[in-house]
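Worksheet for the structure shown next.
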Amino acid sequence: MRTKIILDEEEIPKKWYNVAADLPTPLDPVLNPATGKPLDPKDLEPIFPKGLIKQELSTERWIDIPEEVRDIYRLWRPTPLYRAHRLEKVLNTPARIYYKYEGVSPAGSHKPNTAIPQAYYNMKEGVERIATETGAGQWGSGLSLATALFGIECRVYMVRASYDQKPYRRSMMRAWGAECIASPSNLTESGRAVLKDHPDTSGSLGIAISEAVEDAATHDNTNYALGSVLNHVLTHQSVEGLELKKQFELTDDYPDVIYGCVGGGSNYPGVCFPFIPDKLKDKKDLRMVACEPTACPTLTKGLYAYDFGDTAQLTPLLKMYTLGHDFVPPAIHAGGLRYHGDAPLLCNLVHDGIIEAQAFHQNEVFEAATIFTRSEGILPAPESSHAIKPAIDEARECKKTGEKKTIVIALSGHGHFDLSSYDAYHDGTLEDYEYPAELVKQSLAKLPKL
Ligand SMILES: *Cc1c(COP(=O)(O)O)cnc(C)c1O
């Protein structure tokens, strides 16, 4: 029985898959907040290259991956699919557990899958500088890597909570030549506005996005880049699921359930969207479960409505599950899962009942991560561990029922920069946060009125 299912370099996909071509319910249009009418794509040109705007609006099923991008993907792709024999043994389960591991990229997560093409299209259109935000630091690292490879300057606004918790993520960005600033900062109007009312805020992705968008909009040579949520990002991430399908062809197996964590919703859609046609057209009996933190339960407790992508209300309106654009979640250790909204493509499929969602507390997530680390050896990111928790539960359930389910975990990254959170867990000082119902209620009362 194989432990590691690996593909040849030549099997890196040549095209990305765009799920917009296969949605049972078409995507609701992105709206201009000033007019309430569908956005004119030209309005995006001050901050995005045309190559990416075209992909953002595309409903073509397949989009060519430029050879220069595939060439960089070769540095770490195809990523391995592991059969978790040792974890199965520890759980004494008849279930078969697999994980698709993105921690082998230079930045340690799936983020470079989209950072590389984003930097590439900006480079092609002569953009000299990119501003972005980062939650836990993984997107900032991914984009710093990509901009280094294409000779573009990069500034990253990093959510204050992670800036303090994960100093080595900052060092990594610096090593790649990027500038990393704690958000909220006093370098932007949006940052100064938040600091005035909340000088001690731990920040949020919504605030950091406002700062980066403002930076791009106020500098001629600068574009903006987003590491999740947008359609083109999810399309780029499809390399994960396309590889995974080929890897399953090399086994006699096929998934019964795929678990993945969701922050803004990019790694998980990347893994599971290529399976959507199997489920919808070929009627495969496959469950897909999006996993999120109880402290920021966008899909399980949010409202499906139009909202801003950022706190300062600079972005167009997206139809998505949202906790409200000014919701600031508790500073949980899975910093990459602290976003008030989620990708519209993912929300569309959750709303249609095709993808399910579940929420978990951080202590039970770290407990599952520890079982995983002590059996499989890999130290997973706290974000990714949200998908390990229900996979272990499901495997234990199989032990009771005798079912031999095939369970897949989308393991989006490693946790080598999250060691202080692991220490807090092992020291017993990690706090669980109940669902902040009152905060969400206050924030949802401020949704834009259409
Ligand atoms: C950023 C990140 C996430 C969350 O972002 P998504 O866009 O939802 O994928 C999850 N895991 C890791 C390792 C990350 O870096």
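Assorted remarks:
- Cross-link partners for K54 among the lysines, with Cα-Cα distance under 23 Å and sequence neighbours closer than 8 places in the same chain left out: K14, K15, K37, K42, K111, K124, K319.
- Orientation-averaged projected area, Cα convex hull of the range 284-435 (nm²): 10.3
- Kirkwood hydrodynamic radius of the range 94-174, Cα pairs, Å: 13.4
- Average projection, convex hull of the Cα set of the chain: 19.5 square nanometres.
- Cβ-Cβ distance of L23 and R86, R₀ of 56 Å, FRET efficiency by 1/(1 + (r/R0)^6): the value works out to about 0.90.
- Once the gyration tensor of the Cα atoms in the range 257-329 is diagonalised, the equivalent ellipsoid follows with semi-axes of 27, 14, 10 Å, ordered largest first.
- Straight Cα distances below 29 angstrom link K399 to the lysines K4, K89, K100, K245, K246, K279, K283, K284, K389, with same-chain residues fewer than 8 positions distant left out.
- Residue-count net charge about P41 - beta-carbon cut-off 15 Å; Lys, Arg +1, Asp, Glu -1: -1
- Full extension of the chain between D352 and K37 yields a length gain of 111.0 nm, computed as 0.36 nm times the residue separation minus the alpha carbon distance.
- Distance (nanometres) between label positions extended 7 Å along Cα→Cβ at L187 and E45: 2.8
- 3J(HN,Hα) along the range 193-198: 4, 5, 4, 4, 8, 9 Hz, from the Karplus curve 6.51 cos²θ - 1.76 cosθ + 1.60 with θ = phi - 60°, whole Hz, x for Gly and Pro.
- Estimated FRET transfer efficiency when R0 is 25 angstrom, pair A175-R74 (beta carbons, to 0.05): 0.70
- Centre-to-centre separation between the Cα atoms of the range 396-410 and those of the range 296-372: 26 Å.
- Rg in Å to one decimal, and Dmax rounded to a whole Å, for the range 359-439 via C-alpha atoms: 13.8, 43
- Taking all C-alpha pairs of the range 78-236, those more than 24 Å from each other amount to 39 percent.
- Backbone phi angles across the range 7-13, fed through the Karplus curve with coefficients 6.51, -1.76 and 1.60 (θ = phi - 60°), yield HN-Hα couplings of 9, 6, 3, 5, 8, 4, x Hz in residue order; Gly and Pro are listed as x.
- For the range 198-267: rounded, prolate or oblate by the Cα gyration tensor [a/c cutoff 1.5]: oblate
- Helix-only CD estimate at 222 nm, as mean residue ellipticity for the chain, using -39500 (n - 2.57) per DSSP H run (n ≥ 4): -11500 deg cm²/dmol
- Amide H partners (placed H, <5 Å) of A357, local residues excluded: A290
- Of all DSSP beta bridges in the chain, antiparallel share, percent nearest 5: 35
- Atom-type composition of the exposed protein surface of the range 333-417 places 46 percent of the accessible area on carbon and sulfur (1.4 angstrom probe).
The values are calculated or read from the model by the stated rules, or taken from the named source; none is laboratory data. Computed from a predicted model, the values in this text were never measured in an experiment. Heads up, the Cβs are rebuilt from the backbone with ideal geometry, glycines too, and the neighbour counts pull from every protein chain shown. All accessible areas refer to the heavy atoms of the entire protein, side chains included, with ligands and DNA or RNA removed. Shrake-Rupley method; radii C 1.70, N 1.55, O 1.52, S 1.80 Å.
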